[in-house]
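The values are calculated or read from the model by the stated rules, or taken from the named source; none is laboratory data. Just so you know, these numbers come straight off a predicted model, no measurement behind them. Glycine gets a Cβ as well: all are built from the backbone with ideal geometry, and neighbour counts include every protein chain shown.
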Amino acid sequence: MPRMVESRTRFRFTQRELEALPPHDPDSPSSQMELSDTECVGLRFNKSKNGRCFWFFRYRWRGRKRALKLGEFPGMNLRAARERAWEMRGMMSRGEEPKEVFEKKASTISFGEFAEEHYLPHARNTVRRPDVIESRLNTGALPHFRERRLDDITTRDVQQFHAKMREGRSATTANHHLIVLKAMLNLAVKWEMIERNPCNGVKKFQEPTGRDRYLSKDEVRRFLGALEKADNPVVASGLRMLLFTGLRSREVWDLRWADVDSEERAILLRQTKAGKSRRVYLSAMAMAEVDLMREHREGDHPYVFPGNRPGKPISQPYRTFRSACKRAKIEDFRIHDLRHTFASHMVQSGASLFEVQKSLGHSSSQMTQRYAHLADSSLRDKADAAAQRLTGTDG
């Protein structure tokens, strides 16, 4: 076979080059750019103007041009796309038409096969916590739908599954199972393995509103006093860090020295709940905890708050936390409520809801609205102060 001539749109693909490609030119008359791989004939890489990328296999069958969508990049990486394309070429050499074989398989594939052979490999490359997704599938949709044909699952089936997940569980847990199932079947639609997602139209259960529990000034004083007597000073320092920053637990426990900027008094969070990195500027009290850990750092341990296992961070702070709460006589309080405590006191100190949103790393203002009533109280105090000044009764 003669060697294919390379050009701007036809070259030997590499994962790095494909990842670095910019979105398709928005002024171009075509809706997407298409690139050809010279190593695997027929493999195409399409990138749209909004940046989405898909793999295609283009070929001729009995004189007619055909195209088969293989998957979305980067969920399907270059190696997997080439393997799939070579598989298609193997079918053709055996006299089989790839699209017909693929569609026949898609119509008979079971939910379990789709989950284990297609969805989970994709999730392991694209989601931040694939272990959470896999755990929810193994305790929910997989045992419920495993042997069912993928295209045989109906909206009624999904509603019954959702209701079953509610039995003995919270509405939030049941909704999480529905979210995973819906995301999974959305990919099946995108990969043209089913025509529609049966989860569409299934409503989530009403979830309880968020907790408003936060520590009062006196409770904060007692809690900090209890931490001074804690058996594990590393966990105690981390708990103070949570209180002084409002960060999520894993954002503190997983903090590495490489992400601490002492000169700027800031830290870099590489992985957040929103899936984006963000820079957080620390108060003097929060920075003091970092400095305290630096003084006690052993060797080149990578984590600011080291755990008992070599090279690992703190993983079990709960015993120290519960002991501190008991010593401080604080009830009905969770570690996550330290985040609420920071935000609540920030609002009561005069910070705007926008500033609180930025500090907590909320992607939208909706979550921050839970603190609006505290901001209203602050506004009333300021209105009283203004009225007293106007009337000369402010002393």
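Test residue 182 against the criterion of being charged (D, E, K, R), in a helix (DSSP H, G or I), farther than 30 Å from residue 345 by Cα and free of Cβ contacts under 8 Å to residues at least 60 places away in the same chain, and give yes or no.
So residue 182 passes the test.
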Taking interchain pairs and intrachain pairs at least six residues apart, which have beta carbon atoms under 7 angstrom, with the first residue in segment 346-357 and within 19 Å of residue 243 (Cβ to Cβ) and the second at pLDDT 75 or above and not aliphatic (A, V, I, L, M)? 346/359
Considering each of 247, 215 in turn, give the residue that is among the hydrophobic types (A, V, I, L, M, F, W, C), crowded, with 22+ Cβ neighbours inside 10 Å, out of contact with any Gly (no Cβ under 9 Å at 6 or more places or on another chain) and in contact (Cβ under 8 Å) with a residue 12 or more places away in the chain. 215
Among the residues of segment 269-289, are any assigned to a helix (DSSP H, G or I), under 26 Å from the mean Cα position of the chain (by Cα) and at negative phi? yes
Failed item in (1) basic (Lys, Arg); (2) in contact (Cβ under 8 Å) with a residue 60 or more places away in the chain; (3) more than 30 Å from residue 330 (Cα to Cα), with residue 204 passing the rest: (2)
Residue count, segment 154-177, condition in a helix (DSSP H, G or I) and among the hydroxyl-bearing types (Ser, Thr, Tyr), comes to 3
Hey, does segment 78-99 have a residue that's in contact with a helix residue (DSSP H, G or I) (Cβ under 6 Å, 6 or more places away or on another chain), farther than 23 Å from residue 195 by Cβ, in a helix (DSSP H, G or I) and touching a residue at least 60 places away in the same chain (Cβ under 8 Å)? yes
Can you confirm whether residue 109 is in contact (Cβ under 8 Å) with a residue 60 or more places away in the chain and either within 18 Å of residue 197 (Cβ to Cβ) or not aliphatic (A, V, I, L, M) (or both)? yes
Among the residues of segment 185-199 satisfying the criterion of being part of a loop (DSSP other than H, G, I, E, B) and in contact (Cβ under 8 Å) with a residue 60 or more places away in the chain, which is surrounded by the fewest Cβ atoms within 10 Å (Cβ to Cβ)? 192
